[in-house]
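Novice: Please read through the structure below; I'll follow up with questions.
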Amino acid sequence: MSKGTSATSIPVISLEHSDDEVSKQMRNACIEHGFFYVKDHGVSSFTLQSVMEQSEALFALSLEEKKSLSDPVLSRGYTGMQEETLDPGNQTEGDTKEGFYIGRDIPESHALYNPAKLRGPNQWPKAESLPKFRSAMEDYSNKLSALALRLVRLLALSLHLPKDFFDKSFEDPIATIRLLHYDCSLRSNPGKGIFGCGAHSDYGMITILLTDENPGLQLFTKNKEWIDVPPIADAFVVNLGDMLERWT
């Protein structure tokens, strides 16, 4: 990665328009960039702020408490600072971030419980530590799942397919919330192979990314240059994943 130029060419798509208009805009954005912003998506500013506040509170817990909230078998809960290295060919150290995975909460007593398919319980912090965390994340998960299905249907239309073409494949999806916290004291230094997050592609269908006011996200263009993806208040950044690329 290198110093990026402004990403003003990345489309900002309003979901208030008709499905026909939105799907046309999405088609162009996907062909040209693989990235786009969505606004007017129906998820309130209150919900977004709540998720950010609870995420900040989670990462402010002691390292001991965070480490107790880890399930590597189900890929749930806490992942430590620099535990991941997404671009080992160019990185000399792990990503300077810590994370927290939340999926569909399925208790061990449930018929759908299956660790081999990553179906199981989440790792929730103690209620006395973070009393609002679970409800905020479950509310966000429900709203983002609905938004994700809406976007998948619009993608089907953008491919000139029936709107419900992908529906059967997403009746029981692996949908994950991943909270991330970057350590600003460990600044990226590409010349020394140090990155907040190494270059990578996402492996799923789509990623819906909520950012705070801090810049840092970049995308690699068809012209083989890195460009900035600046934050836009109350908008999501959407990028296509490897599964959709393979599917099409």
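Novice: Calculate, for the stretch 192-248, the solvent-accessible area per residue in square angstrom, rolling a 1.4 angstrom probe over the heavy atoms of the protein chains. Walk me through the numbers on the way to the answer.
Specialist: Values: 3360 Å² over 57 residues.
Dividing the accessible area of the stretch 192-248 by its residue count gives 59 Å².
Novice: Give the average over all directions of the projected area of the C-alpha convex hull of the stretch 183-248, one decimal, in nm². Walk me through the numbers on the way to the answer.
Specialist: Numbers: hull surface 22.6 nm².
Projected area, direction-averaged: 5.6 nm².
Novice: A follow-up question, please. How large is log10 of I(q)/I(0) for the stretch 9-147 at q = 0.16 Å⁻¹ when the intensity is taken from the Debye formula with one equal scatterer per alpha-carbon?
Specialist: The calculated log intensity ratios at q = 0.16 Å⁻¹ are -1.07.
Novice: Then there's this: Mind checking which lysines have their C-alpha under 28 Å from K192, skipping anything on the same chain fewer than 8 residues away?
Specialist: K3, K97, K222, K224
Novice: How much of the accessible area of the chain, in percent, comes from carbon and sulfur atoms when a 1.4 Å probe is used? Intermediate values should be presented prior to the final figure.
Specialist: Numbers: 7330 of 14310 Å².
Solvent-exposed carbon and sulfur of the chain make up 51 percent of the total.
Novice: Enter the mean projected area of the convex hull around the alpha-carbon atoms of the stretch 67-222, in nm², rounded to one decimal. Show your work: numbers first, answer last.
Specialist: On the way: hull surface 48.5 nm².
Average of the hull's projected areas for the stretch 67-222 equals 12.1 nm².
Novice: Once both labels are modelled 7 Å past Cα along the beta-carbon direction, what's the D139-A116 spacing in nm?
Specialist: Here the answer is 3.9 nm between the modelled labels.
Novice: About the Cα centre of the chain, how large is the charge dipole given +1 on each Lys and Arg Cβ and -1 on each Asp and Glu Cβ? Please answer in debye to the nearest 20. Don't skip to the end; give the middle numbers.
Specialist: Values: 25 positive and 35 negative charges, 75 e Å.
My answer is approximately 360 debye.
Novice: Now a separate question. Which value in Å is the Kirkwood Rh of the stretch 154-194 over different Cα pairs?
Specialist: Computed over Cα pairs of the stretch 154-194, the Kirkwood hydrodynamic radius comes out at 14.4 Å.
Novice: If r is the Cβ-Cβ distance from D19 to Y203 and R0 is 25 Å, what FRET efficiency results, to the nearest 0.05? Kindly include the intermediate steps, with their values, before the conclusion.
Specialist: Working: r = 27 Å, r/R0 = 1.09.
The formula returns an efficiency of 0.35 here.
Novice: Using helices alone, I'd like the mean residue ellipticity at 222 nm for the chain: each DSSP H run of four-plus residues gives -39500 (n - 2.57), total over residue count, nearest 500.
Specialist: On the way: 5 runs with 66 residues, N = 248.
Calculated mean residue ellipticity at 222 nm is -8500 deg cm²/dmol.
The values are calculated or read from the model by the stated rules, or taken from the named source; none is laboratory data. On a predicted model such as this, the values are computed, not experimentally measured, just so you know. No Cβ is skipped: glycine too gets one built from the backbone with ideal geometry, and neighbour counts run over all protein chains shown. We work out accessible area using only protein heavy atoms, side chains counted, and drop any ligands, DNA or RNA first. Shrake-Rupley method; radii C 1.70, N 1.55, O 1.52, S 1.80 Å.
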